[in-house]
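Worksheet: the structure to be examined is printed underneath.
The values are calculated or read from the model by the stated rules, or taken from the named source; none is laboratory data. Here the structure is a predicted model, which is why all the values come from computation and not from measurement. Please note: Cβ atoms are built from the backbone with ideal geometry, for glycine as well, and neighbour counts cover all protein chains shown.
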């Protein structure tokens, strides 16, 4: 298993299969690259089925045990079942989706080898949902969650981005997962450094404090050092990376863009490495370089100045790649 110079082993990869999406979410950051808003024709720049599988085979050589497929909306790829079916043995597969294509496909995805899904659901109110996603597919998303549960893809983790427009719906969502077996809730801190609109951000500590008051039990995840709150039998977790060195020090993932570039950090685009023509020797070399040059974003790449503000560490300014 490879590890970077900060002792962080790479145990998982996130592979973007497309930058296309059938939603127009106001907070979308497209995994840190570009913009998914607006209708987009199928692109010729996406990795093919064989390219994705070839990368996963190399990652497995380095004992990577998990892959999460993302987008855009990864279920826009008609070859998704084949990719999952051909994922190397011993590698757990998961998927982040808006859920609209799960009805009719969830069962086949499970049969192909999919272990679980994260479904984006930012509100339990159709009007509020439409305002955030610019989509009228609220009922379809609920149907998709049920389809995933029926197919045995449980627990289904609901992803909710917490910002000004959605914070008021957190209590209702917590209640929702407590009342429905097979559901968990992942509250994701809004990241203005990727999406803009810093005025939309809220103090995520207030959400932590509220959950601590409501929780019947609190546990700490060993791998990430993150808290899990059990409220009324439902599990709630907060993903809070913004200005959080502890979060970055526990990052164990490498990302792959839909074009076939490796990147060591979601927040950065100056560390992209192409995998050549996707031959296994080229993938191995790029993967080793990416891992060797990973650094925690907050606390290393970004450091606090004398005024307590975050700024790029001088040692990384104007460097396209970081020397190992």
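Structure data summary
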{"quantity": "Subset of segment 183-206 that is touching a residue at least 40 places away in the same chain (Cβ under 8 Å) and farther than 26 Å from residue 268 by Cβ - its residue that is surrounded by the fewest Cβ atoms within 10 Å (Cβ to Cβ)", "calculated": "184"}
{"quantity": "Set 242, 236, 254: member being at pLDDT 90 or above, part of a strand (DSSP E or B) and under 15 Å from the mean Cα position of the chain (by Cα)", "calculated": "254"}
{"quantity": "The lone exception for residue 221 - which of (1) modelled with pLDDT under 95; (2) buried (at least 17 other Cβ atoms within 10 Å of the Cβ) it fails", "calculated": "(2)"}
{"quantity": "Subset tally (residues that are closer than 16 Å to residue 142 by Cβ and touching a helix residue (DSSP H, G or I) at 6+ places or on another chain (Cβ under 8 Å)) for segment 152-180", "calculated": "6"}
{"quantity": "Pairs with Cβ under 6 Å, 6+ apart, first in segment 60-84 and on the phi > 0 side of the Ramachandran plot and free of Cβ contacts under 8 Å to residues at least 60 places away in the same chain, second part of a strand (DSSP E or B) and surrounded by fewer than 18 Cβ atoms within 10 Å (Cβ to Cβ)", "calculated": "none"}
{"quantity": "Residue within segment 273-290 that is in a loop (DSSP other than H, G, I, E, B), within 21 Å of the chain's Cα centre (by Cα) and within 29 Å of residue 186 (Cβ to Cβ) present", "calculated": "no"}
{"quantity": "Residue 256 being touching a helix residue (DSSP H, G or I) at 6+ places or on another chain (Cβ under 8 Å), over 30 Å from residue 208 (Cα atoms), in contact (Cβ under 8 Å) with a residue 40 or more places away in the chain and surrounded by 16 or more Cβ atoms within 10 Å (Cβ to Cβ)", "calculated": "yes"}
{"quantity": "Flag for residue 295 being modelled with pLDDT of 95 or more, under 17 Å from residue 244 (Cα atoms) and out of contact with any strand residue (DSSP E or B) (no Cβ under 6 Å at 6 or more places or on another chain)", "calculated": "yes"}
{"quantity": "The listed residue being under 16 Å from the mean Cα position of the chain (by Cα), at pLDDT 95 or above and surrounded by fewer than 21 Cβ atoms within 10 Å (Cβ to Cβ), out of 107, 92", "calculated": "92"}
